[in-house]
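Below is one structure, written out as structure tokens, with a few remarks after it.
The values are calculated or read from the model by the stated rules, or taken from the named source; none is laboratory data. Model, not experiment: these values are computed from the prediction. Here the Cβ is made from the backbone with ideal geometry for all residues, glycine too, and neighbour counts use every protein chain on show.
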Amino acid sequence: MSFLRRGGGGAGARVYPRRLPRGGVEEIGEARVSFREDGVVEACDPHGCSRVRAPGDLGEVLLEPVAPFNRPTRLSGCVFVEFEEPFVYPGRGVRRLWALAPYEVAVAAGGTVVAYVSPLRVKYTLVGDVVGGSVCRHHRGPVAEELGVLERAPGLAYVAVDVVGEPALLPGVGFYAVGLPLYTDAEGRLYYPRMEAAVRGSLVEVKAGQEAPVEGLGLAQRGRRLALLAPVFSAPLPRP
């Protein structure tokens, strides 16, 4: 499966950013981007459409995967993936979990980002209490101990979380994604960097790194944050 479905064919799956020529159309899940012959760039998703006019000598626009915080408005910097079935972490050594988290797509024309689209309808959730909690982009999906078990859909990227610490029932995983790089494999599937989760008492703390979660991945989007500045996302664990 490729990252984008291209009307009329296109370059190999590992080519990022994707190039959309005049007359071209890209569909990514529920989003659609077109570059009309008359120079109008139209970007639509479940939350609306935007249109801009490109210069007459511009031959293509670029599409790049980015963190999912631009549609329909900028509200948060964290993602929370709620597991369909909470995972029992036994507290013995490192346990790697795999899940899926949303991303968005930036549309750039002439070196300027002119629009963002979300391949999925955007949802938010409050993690923690009203006073000290965090409002995060929300996705509910499966959790697995093997990557191959998960079936990816357009608009979702793989997330690898290495869990350590005390025994716990994990309802999901949250992380700060602003500025993170995104990686891709030969099939065009996207991956967030490897996450580290530590269970301590009634909290689970997650730190996102910068390195790819598995070997052999290419860089789809560089990100704009140093690993040393990555904040830790803390979330309360459910009580029995």
Taking into account only those residues within the range 73-90 that are touching a strand residue (DSSP E or B) at 6+ places or on another chain (Cβ under 7 Å) and at pLDDT below 95, which is nearest to Arg222 (Cα to Cα)? Gly77
Close pairs (9 angstrom Cβ cut-off, 6 or more residues apart or separate chains): touching a residue at least 24 places away in the same chain (Cβ under 8 Å) and within 20 Å of Arg32 (Cβ to Cβ) in the range 49-76, part of a strand (DSSP E or B) and aromatic (Phe, Trp, Tyr) anywhere: Ser50/Tyr116; Ala54/Phe35; Leu58/Phe35; Glu60/Phe35; Val61/Phe35; Val66/Tyr116; Asn70/Tyr116; Arg71/Tyr116
Against the conditions (1) surrounded by fewer than 18 Cβ atoms within 10 Å (Cβ to Cβ); (2) within 12 Å of the chain's Cα centre (by Cα), where does Thr112 fall short? Just the number, please. (2)
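Does Gly148 meet the test of being in a loop (DSSP other than H, G, I, E, B), among the small types (Gly, Ala, Ser) and exposed (fewer than 14 other Cβ atoms within 10 Å of the Cβ)? Full working, then the answer.
Values: in a loop (DSSP other than H, G, I, E, B): no; among the small types (Gly, Ala, Ser): yes; exposed (fewer than 14 other Cβ atoms within 10 Å of the Cβ): yes.
In short, no.
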Please verify whether the range 182-197 includes one or more residues that are part of a loop (DSSP other than H, G, I, E, B), in contact (Cβ under 8 Å) with a residue 40 or more places away in the chain, within 25 Å of Val105 (Cβ to Cβ) and of a type in the set (A, V, I, L, M). yes
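When you scan the range 28-75 for strands (runs of 3 or more DSSP E) that lie fully inside it, which ones turn up with 2 or more residues that are under 13 Å from Ala106 (Cα atoms) and of a type outside the set (Phe, Trp, Tyr)?
On the way: elements: 31-35, 40-45, 48-53, 60-66.
Per the criteria, 31-35, 40-45, 60-66.
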